[in-house]
Each structure stands twice: as structure tokens, then as C-alpha cells.
Amino acid sequence: MCRNIRQLHNFEPPATDSEVYAAALQYVRKVSGSTKPSQANQAAFDEAVREVAHATQHLLDHLVTTAPPKDREVEAAKARARSAERYGRAG
């Protein structure tokens, strides 16, 4: 599950709310060991996702770097190339 969490810092354009939420959801799923909580745990699960998303956005808003922002399309192409090499597929 956690391998699906992607780096969100230092991209142009910046991470969207939905990307931050998706990362928080993956984190809470991993920590809780549940992709779909029971009704009894749904409220706690949802609250945890909101809090992790808030903390993540706070972190992203306060990180400082001198590196130039990364281009999402370039990074996605690099990831596809690594995947194709890893799994022996043509580009």
C-alpha cells in the first residue's frame, strides 16, 4: 500500500488537495491494516485521514528548498521508463 505514496514536495504545479488526501488515505490504510474500515471504525479512520492530510499540507507549505521545481510529466516519464526496465516491457 505505502509504495503508492508519491513524493509531493517541490513540484510545479504544487501538489493538489486530492494528491495530499490520497497520500494521507494510503498512509492511514497502511497503519491501520485496513483498506475498508468497519462501520464501528469508520469515523476514527476518516478523522485520521483528515488529520494526516492536514499535517501533510502543513509540512509541504513549510518546506524550503533551493532546488528547482520538478516537472510532473518529466518525472512520470522517468517512472514509466524505470518500470518498463524493471518488468522487461518496451516503453
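The values are calculated or read from the model by the stated rules, or taken from the named source; none is laboratory data. This structure is a prediction, so every number in the text was calculated from the model and none was measured. For the accessible areas, the whole protein counts, side chains as well, though only heavy atoms, and no ligand, DNA or RNA atoms are used. Shrake-Rupley method; radii C 1.70, N 1.55, O 1.52, S 1.80 Å.
Brief remarks follow.
- The mean accessible area for residues of the range 12-91, using a 1.4 Å probe and ignoring ligands and nucleic acids, is 76 Å² per residue.
- Carbon and sulfur %, accessible surface of the range 27-91 computed with the full protein complex present, 1.4 Å: 54
- Taking a ≥ b ≥ c as the square roots of the eigenvalues of the Cα gyration tensor, the range 52-91 is prolate, since a/c reaches 1.5 or more and a/b is larger than b/c.
- Per-residue 3J(HN,Hα) values for the range 34-47, derived from phi via the Karplus relation 6.51 cos²θ - 1.76 cosθ + 1.60 with θ = phi - 60°, read 9, 8, 9, x, 5, 4, 5, 9, 4, 5, 5, 4, 4, 5 Hz in sequence order (x marks Gly and Pro).
- For a straight C-alpha distance cut-off of 19 angstrom, the aspartates and glutamates reachable from residue 70 (same-chain residues fewer than eight places away being disregarded) are 12, 17, 19, 61.
- Using a probe of 1.4 Å on the protein chains alone, the accessible area found for residue 27 is around 110 Å².
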